[in-house]
Structure formats: structure tokens, C-alpha cells
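Structure first, commentary second.
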Amino acid sequence: MKIKDAEILIIPGYTNSGPDHWQSRWQARMETARRVEQAAWSKPVCEDWVARVGEEIDRASRPVVLVGHSLGIAAAVHAVQDGSRAEKVRGGFFVAPPEVDNPKVRPKHLMTFGPYPRNPLPFPSFVIASRNDSFSSFEKAKEIADAWGSFFVDAGHSGHINAESGHGPWPEGLMVFAKFMKRI
């Protein structure tokens, strides 16, 4: 599938993705990409975030590809539990999934998004995780990717894979995304 033939939904996590974040940069480069805006970026409410993702999937006129980062992944995966929505989604590209069921991980808002659904996703997906992400252990990220039937990518010691960890432009991620799009 070509990027121009899909609606690319950019789904940021907690506090949104700033202008230097790879999601913002990708959105600016992809003509068919749009951000799922949330009413409360710094005080996320699971039901509200999931509903917003669902609304954006519902309004899509072309096949949907989800590009989630961090807490945006949890909102996206919960939103596609509705079978009719899942039919519109052709793929999921998920980067740095947080542990949403670990009370030691901060901020506490993450816990309201857990637990993750454990059934396989009904579309192809990639999960990219770092070995030193402060929001998730590498093992938990691998475990959830396996449960979803996702292709798992080990990003090494890359932090939370955001602008703060040096992943502003993130050309390697964009190359992986392009290969993913060719496969779906």
C-alpha cells in the first residue's frame, strides 16, 4: 500500500508530540496524515482518548494506518476492539508502548489505560521498543507485541524514542515505516 492511498492517523501519547518529535515531522511530510487531537493532553482520560481515536477511524474515507506513540498506542488498541472499526484499519505502527498496568511507572495516568487487550490484532502491526525506556520494560513490550501478533523490533538503548531521546527526525524509523507500508 502506498502512503497516498491510506489515511495515516498520528496518535501521540501523554502531553502530545511537539514540533521536534518524529510524529510531528512525519505528519508534516505525509500528505494523507492527520493527528488525532485530544482535549486533555496532560490529564488523559482513557474513555475520552479511545473515543477520539474511534471517531477519527470512523470518519476515514480510505483505509487507515495507525501510527501510535506511547500512550497513544493504548488508546488506539482499545479503539479497534470494536469489530467494525478494525475492518477499516490496514495496519498499526506502534512505537514505545508504555506499561499501562505497572503501578511503579509514572505518571499514574498510564494505569487508567490498562490493561492492554491481549487478543491478536486483526491487522498487521509493528511494535518498536527500546531496552531502556523509562515507561516500559523491554520484556513487557515484547510480551504485548507477541500477544498482538505484531512484528517486534528491538530499538536497542534508545530511551522513549522521542525528541528528548534524540529521535526528532528519526530517519531509520521512517525507513521501517515505508517497508511496513509496502507489505500491507
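The values are calculated or read from the model by the stated rules, or taken from the named source; none is laboratory data. No experiment lies behind these values; they were computed from the predicted model shown. Positions of Cβ are generated from backbone atoms using ideal geometry, with glycine treated the same way; all protein chains shown enter the neighbour counts. To get the accessible areas, we keep the full protein, side chains included, count just its heavy atoms, and leave off ligands, DNA and RNA. Shrake-Rupley method; radii C 1.70, N 1.55, O 1.52, S 1.80 Å.
If each DSSP helix of 4+ residues adds -39,500 (n - 2.57) and the sum is divided by the residues in the chain, what number results at 222 nm, nearest 500 deg cm²/dmol? If you can, show how the numbers build up before the last one.
On the way: 6 runs with 61 residues, N = 184.
Result for the chain: -10000 deg cm²/dmol, rounded to the nearest 500.
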Options M1, A60, T112, ranked by Cα towards positive dipole end of segment 1-134, top entry (Cβ charges) = M1
Carbon and sulfur together cover what percent of the accessible area of the chain at a 1.4 Å probe radius?
-> 53
Could you state the accessible area per residue of segment 1-65 in Å², with a 1.4 Å probe and every protein chain left in place?
-> 49
Counting sequence-distant residues (5 or more places) and residues on other chains, those with an amide H built under 5 Å from that of R35 are I10
Relative to the compact globular guide of 2.2 N^0.38 Å, what is the alpha carbon radius of gyration of the chain, as a ratio?
-> 0.91
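Pairs K88/K179; K43/K140; K43/K182; K88/K182; K140/K182: which are spaced more than 26 Å apart, C-alpha to C-alpha? Present the calculation step by step, with values, prior to reporting the outcome.
Working: K88/K179 20 Å; K43/K140 24 Å; K43/K182 36 Å; K88/K182 18 Å; K140/K182 28 Å.
Correct reply: K43/K182; K140/K182.
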Residues with amide H under 5 Å of S125's amide H, sequence separation 5 or more or different chain, H placed in the peptide plane at 1.01 Å from N; which?
-> G92, F151
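Compute the accessible area per residue over segment 120-166, keeping the other protein chains in place, probe 1.4 Å, unit Å². Don't skip to the answer; put the middle values down first.
On the way: 2150 Å² over 47 residues.
Dividing the accessible area of segment 120-166 by its residue count gives 46 Å².
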Relative contact order of the chain, defined on C-alpha pairs under 8 angstrom at six or more residues apart (%) = 22
Toy charge model, Lys and Arg Cβ at +1, Asp and Glu Cβ at -1: the chain dipole around Cα centroid in debye, rounded to 20, equals 340
Got a sec? Charge dipole of segment 32-184, +1 on Cβ for Lys and Arg, -1 for Asp and Glu; which of W49, I128, G168 is way out at the positive end?
-> G168
